[in-house]
Amino acid sequence: MAGGIEILVLGDYGPFAEPGKGIGYQVFVNGDNYLIDLGAPFFQQIGAEGLGQLSGVIVTHCHDDHKRWFTDLALQYMYTPSLRRRVKLITTDTVAEEVKSSSGAALNKSLDATSKRVVDIAYEDYAEHVPIGPRARYRIVMQEGGWRVVDSRGKRVAPDRAKVVVSAKTGSPRLLFCDPDSGEWVEPETYYPFSAPAFYEPDPRALVGDGYTINIINAPVWHGLPNFGLVIESGGEKLIFSSDTMHNLPLWQSLYADKRTPKFDLSSKAFLAADVLIGDINDYIERTWSRARYEEAVKAFDGAAVVHDVTGRFGVVHTEYHGLADTTLDPKRTLLSHSPDRFTVVGWKLIKSGKRYKVENDSFVEVGRDGACWPLDADVYLRHDGRFFAGYRHEAGDHFVYAKAGYHSISAGADHDQGELLFRVNLFEDVAGDYLPCLEAADRFYRARPDGRAELVCPTAEGSYGRVVENLRPRCRSMTPSELAQLRQQETLAEDDRLQAELRELQRSMAAMRDRLEVQAANHQDEIQRAVAASQAEITQLRQTIAALRDELEKAQAAAEAMVNEAVKAANAEIVQLREGASALRDALERKDVEAANERQQAVSLLQQELAQLRATASVLRDQIETMKNNGQR
């Protein structure tokens, strides 16, 4: 983009929308571009090339619907070779510390390049803090002895000028400060605007680019935690992102006008001497806002195009829709964001995720797919079940707009239970910036094509078909209900004509197919007859082959039988010979057995004779020994 200020809405969802969705914008200014808040999944929308071209990231506060994807971006930059760089985080000193603290669990540890060691990684390796906004003159530090308040030079501040209140619920320290002009005890971060010299240094630390500046404001931002709005100025145009805030003039007036009585549980002398108190800081605060903050807040949005948060009932920390009349906002210059689903606005402009807007004459126009700019001139905008609608007032319109208890609703017919009837409108569905007739049939829907045009999708039993639909946006304001009805009727007739043409084409196709099938059938008949004749000849040949094989088999069987008979005769003769041989062997063995028995008998007889001789010899020797014994005794 060569010049001016444009916004691509990455997410405009409220804090309790679908998981992972939240707030996010990409702002283009004079060739540079910034992400403002990281609550919406933006990677697919801007792509890897877009990530590499970012000039910086601005985080307004640390609610997850505004910074949820910070750690993902930091990791993407760290580990994607084509993106290797640090996140340029543009924010205040306070928010920067909160982002660092809340990101530690995801960023502080990883594995080394070998995947063998757990290593520590410094937060500063992921992110570079670019401070924006004035530096506070006083801050809380931890010193020996506990929490203390020091000035910008690090010098300790006396407790009768500033002290620390440590929350009994969270243990977190907060700064209690004695306003030098009024002598009242206040919380300076909420009491003073950034322009107040009593607490802030004069340098706004603005971000200065080529033909543009970015500053921050805190006066109209009332959300509970450290937060700021964003002011972008370029070429005489001014754009303000309010961030999340409860914008309500009666409330703001009470914040600076109401004097509160502190609830001291100690003497005045002891209170003034104490560096640190334990309890609730609200027991000691005497006034919430300064008059300077109030006066700056009510003028903050003058002459600017504003993107402002809005919510339904019980907003507490967001501006409630029914309370917009009690704000300083100009409906002609304001885009409402952060809204819930099923939300209707009358007389205001409602932002839509995925759209691109341009600041022009301190207001907004929508940038279409072909670069054309469309005025945001509808009387009613409606977000319903993820779809987006715009309504133009007409006394005979087919939709009815009602008001009840400060909120609005739209009905397709008269329904007085919804409240007081305000007027009727012709309602159009917004699809990729095209305004299309509101569909009556529930089974049809619009979708954006890859080329950016819108088409009507009609499901059928066999599938779906679609056709491109005319964009009615150039003439929505002037169209009458009868023209819309006629257009719908023409679309219905055109649809019927299309279906009739499709039916005729189908009938022609079926007739042509039938002719082709008949020709193919005749051709197939001839082929079948030729195939039958060839098969019959082959069958005859096979029968002859089988008969010849049968004859050969019979001859082979006779020869085999003769061979078997001869073999049997030879075997029988051999068996007779074997039997005769066996009988002769048996007789020989019997003779040998008789001879062996006789030989054994003779040997036994000889042994017995020799034994008798030995016994007789032994008897003679025994008698001689006995005689010798007797002689020896004498």
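The values are calculated or read from the model by the stated rules, or taken from the named source; none is laboratory data. Here the structure is a predicted model, which is why all the values come from computation and not from measurement. Quick reminder, even Gly has a Cβ in these numbers, built from the backbone with ideal geometry, and neighbours come from all protein chains shown. Accessible surface areas use protein heavy atoms only, side chains included; no ligands, DNA or RNA. Shrake-Rupley method; radii C 1.70, N 1.55, O 1.52, S 1.80 Å.
Of all the residues that make up the range 46-59, how many are under 30 Å from residue 222 (Cα atoms) and in a loop (DSSP other than H, G, I, E, B)?
Going residue by residue through the range 46-59, those that are under 30 Å from residue 222 (Cα atoms) are 54-59.
Narrowing the set further to residues that are in a loop (DSSP other than H, G, I, E, B) leaves 54-55, 59.
Qualifying residue count, the range 46-59: 3.
Could you tell me whether the range 216-224 includes any residue that is surrounded by fewer than 18 Cβ atoms within 10 Å (Cβ to Cβ), of a type outside the set (S, T, N, Q), in contact (Cβ under 8 Å) with a residue 40 or more places away in the chain and under 17 Å from residue 92 (Cα atoms)? Let's see the steps before the verdict.
Let us first name the residues in the range 216-224 that are surrounded by fewer than 18 Cβ atoms within 10 Å (Cβ to Cβ), namely 224.
Still in the running and of a type outside the set (S, T, N, Q): 224.
Next cut, in contact (Cβ under 8 Å) with a residue 40 or more places away in the chain only: 224.
The next check asks that each one be under 17 Å from residue 92 (Cα atoms); those that pass are 224.
Yes: the range 216-224 contains one or more residues that are surrounded by fewer than 18 Cβ atoms within 10 Å (Cβ to Cβ), of a type outside the set (S, T, N, Q), in contact (Cβ under 8 Å) with a residue 40 or more places away in the chain and under 17 Å from residue 92 (Cα atoms).
Can you tell me how many residues in the range 296-336 are among the charged types (D, E, K, R) and in contact with a helix residue (DSSP H, G or I) (Cβ under 8 Å, 6 or more places away or on another chain)? Walk me through it before giving the result.
Initially, the range 296-336 is screened for residues among the charged types (D, E, K, R), giving 296, 299, 302, 309, 313, 320, 326, 330, 332-333.
Those left that are additionally in contact with a helix residue (DSSP H, G or I) (Cβ under 8 Å, 6 or more places away or on another chain): 313, 326.
Adding up the residues that qualify gives 2.
Can you pull out every residue in the range 393-403 that is among the aliphatic types (A, V, I, L, M) and either in a loop (DSSP other than H, G, I, E, B) or open to solvent by 20 Å² or more (accessible area, probe 1.4 Å) (or both)? Show your work before the answer.
Pass one, the range 393-403, residues among the aliphatic types (A, V, I, L, M): 396, 401, 403.
Answer for the range 393-403, where residues must be among the aliphatic types (A, V, I, L, M) and either in a loop (DSSP other than H, G, I, E, B) or open to solvent by 20 Å² or more (accessible area, probe 1.4 Å) (or both): 396, 403.
From the list 435, 446, which residue is more than 30 Å from residue 314 (Cα to Cα) and touching a helix residue (DSSP H, G or I) at 6+ places or on another chain (Cβ under 9 Å)?
On the way: 446 fails: touching a helix residue (DSSP H, G or I) at 6+ places or on another chain (Cβ under 9 Å).
Exactly one residue qualifies, and that residue is 435.
Quick test for you: out of 372, 390, pick the one residue that is without any contact (Cβ under 8 Å) to a residue 12 or more places away in the chain, open to solvent by less than 50 Å² (accessible area, probe 1.4 Å) and closer than 22 Å to residue 447 by Cβ.
Result of the check over 372, 390: 372.
Please work out if residue 307 is farther than 26 Å from residue 175 by Cα, open to solvent by less than 60 Å² (accessible area, probe 1.4 Å), in contact with a Leu (Cβ under 7 Å, 6 or more places away or on another chain) and in contact (Cβ under 8 Å) with a residue 12 or more places away in the chain. Explain how you work it out, then say what you get.
Details: farther than 26 Å from residue 175 by Cα: yes; open to solvent by less than 60 Å² (accessible area, probe 1.4 Å): yes; in contact with a Leu (Cβ under 7 Å, 6 or more places away or on another chain): yes; in contact (Cβ under 8 Å) with a residue 12 or more places away in the chain: yes.
Criteria met by residue 307.
For residue 193, state whether it is part of a loop (DSSP other than H, G, I, E, B), open to solvent by less than 40 Å² (accessible area, probe 1.4 Å) and within 19 Å of residue 283 (Cβ to Cβ).
On the way: part of a loop (DSSP other than H, G, I, E, B): yes; open to solvent by less than 40 Å² (accessible area, probe 1.4 Å): yes; within 19 Å of residue 283 (Cβ to Cβ): no.
Criteria not met by residue 193.
Looking for whichever is touching a helix residue (DSSP H, G or I) at 6+ places or on another chain (Cβ under 8 Å), open to solvent by 20 Å² or more (accessible area, probe 1.4 Å), in a strand (DSSP E or B) and not polar (S, T, N, Q) here; the options are 148, 139, 174. Which one fits?
Unique residue meeting the criteria: 174.
Any chance the range 320-329 includes a residue that's under 30 Å from the mean Cα position of the chain (by Cα) and acidic (Asp, Glu)?
Yes; the residues of the range 320-329 include at least one that is under 30 Å from the mean Cα position of the chain (by Cα) and acidic (Asp, Glu).
Find all pairs meeting these conditions: Cβ atoms under 6 angstrom apart; at least six residues apart or on different chains; first residue within the range 466-478 and within 9 Å of residue 435 (Cα to Cα); second residue open to solvent by less than 40 Å² (accessible area, probe 1.4 Å) and assigned to a loop (DSSP other than H, G, I, E, B).
Here the result reads none, with nothing in the range 466-478 linked to a residue that is open to solvent by less than 40 Å² (accessible area, probe 1.4 Å) and assigned to a loop (DSSP other than H, G, I, E, B).
Exactly one condition in (1) within 21 Å of residue 474 (Cβ to Cβ); (2) in contact with a Phe, Trp or Tyr (Cβ under 6 Å, 6 or more places away or on another chain) is not met by residue 448; state its number.
That leaves (2) as the condition not met.
Mind checking which pairs have a first residue in the range 82-97 that is more than 14 Å from residue 56 (Cβ to Cβ) and open to solvent by 20 Å² or more (accessible area, probe 1.4 Å) and a second that is of a type in the set (Gly, Ala, Ser) and assigned to a strand (DSSP E or B), Cβ under 6 Å, 6 or more apart or different chains?
Hits for this filter: zero, empty list.
Taking only the range 67-81 into account, find how many residues are open to solvent by 40 Å² or more (accessible area, probe 1.4 Å) and among the polar types (S, T, N, Q).
1
The rows are residues; the columns are (1) assigned to a helix (DSSP H, G or I); (2) modelled with pLDDT of 95 or more; (3) open to solvent by 10 Å² or more (accessible area, probe 1.4 Å); (4) within 29 Å of residue 233 (Cα to Cα).
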| site | (1), (2), (3), (4) |
| --- | --- |
| 252 | yes, yes, no, yes |
| 255 | yes, yes, yes, no |
| 286 | no, yes, yes, no |
| 292 | yes, yes, yes, yes |
| 297 | yes, yes, no, yes |
| 301 | no, yes, yes, yes |
| 313 | no, no, yes, no |
| 318 | no, no, yes, yes |
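Which of the numbered conditions does residue 62 fail, given that it passes all the others? Conditions: (1) farther than 27 Å from residue 201 by Cα; (2) hydrophobic (A, V, I, L, M, F, W, C); (3) assigned to a loop (DSSP other than H, G, I, E, B).
It is condition (1) that residue 62 fails.
Would you call residue 456 assigned to a strand (DSSP E or B) and open to solvent by less than 60 Å² (accessible area, probe 1.4 Å)?
The answer is yes for residue 456.
With in a loop (DSSP other than H, G, I, E, B), of a type outside the set (A, V, I, L, M) and open to solvent by less than 30 Å² (accessible area, probe 1.4 Å) as the only criterion, which of 154, 133 stands out?
Values: 154 fails: open to solvent by less than 30 Å² (accessible area, probe 1.4 Å).
Just one listed residue meets the conditions, 133.
Just to be sure, is residue 278 more than 30 Å from residue 376 (Cβ to Cβ) and β-branched (Val, Ile, Thr)? Talk me through it step by step, then tell me what you get.
Working: more than 30 Å from residue 376 (Cβ to Cβ): yes; β-branched (Val, Ile, Thr): yes.
Yes; evaluated as a whole, the condition is true for this residue.
Which one of these is of a type in the set (Gly, Ala, Ser), out of contact with any Lys or Arg (no Cβ under 6 Å at 6 or more places or on another chain) and at pLDDT 95 or above: 371, 347? Before the answer, list the steps.
On the way: 371 fails: at pLDDT 95 or above.
Within the list 371, 347, the selection yields 347.
Return the residues of the range 410-422 that are open to solvent by less than 30 Å² (accessible area, probe 1.4 Å) and either at pLDDT 90 or above or closer than 17 Å to residue 348 by Cβ (or both); say none if nothing qualifies.
Step one: filter the range 410-422 for residues open to solvent by less than 30 Å² (accessible area, probe 1.4 Å), giving 411, 413, 419.
Within the range 410-422, 411, 419 meet the criteria.
Answer yes if at least one residue in the range 207-214 is part of a strand (DSSP E or B), touching a residue at least 12 places away in the same chain (Cβ under 8 Å), among the charged types (D, E, K, R) and open to solvent by 20 Å² or more (accessible area, probe 1.4 Å), and no otherwise. Reasoning before the result, please.
Of the residues in the range 207-214, the ones part of a strand (DSSP E or B) are 207-209, 212-214.
Subsequent filtering for residues that are touching a residue at least 12 places away in the same chain (Cβ under 8 Å) retains 207, 209, 212-214.
So of that shortlist, the ones also among the charged types (D, E, K, R) come out as none.
Looking through the range 207-214, none of the residues is part of a strand (DSSP E or B), touching a residue at least 12 places away in the same chain (Cβ under 8 Å), among the charged types (D, E, K, R) and open to solvent by 20 Å² or more (accessible area, probe 1.4 Å).
With the requirement that a residue be within 27 Å of residue 356 (Cα to Cα), small (Gly, Ala, Ser) and in contact (Cβ under 8 Å) with a residue 60 or more places away in the chain, what does the range 399-454 give you?
409, 432, 433, 452
Mind listing whichever residues of the range 54-65 are within 16 Å of the chain's Cα centre (by Cα) and buried (at least 20 other Cβ atoms within 10 Å of the Cβ)? Working first, answer last.
Quick first cut of the range 54-65, residues within 16 Å of the chain's Cα centre (by Cα) only: 64-65.
Scanning the range 54-65 gives a single hit, 65.
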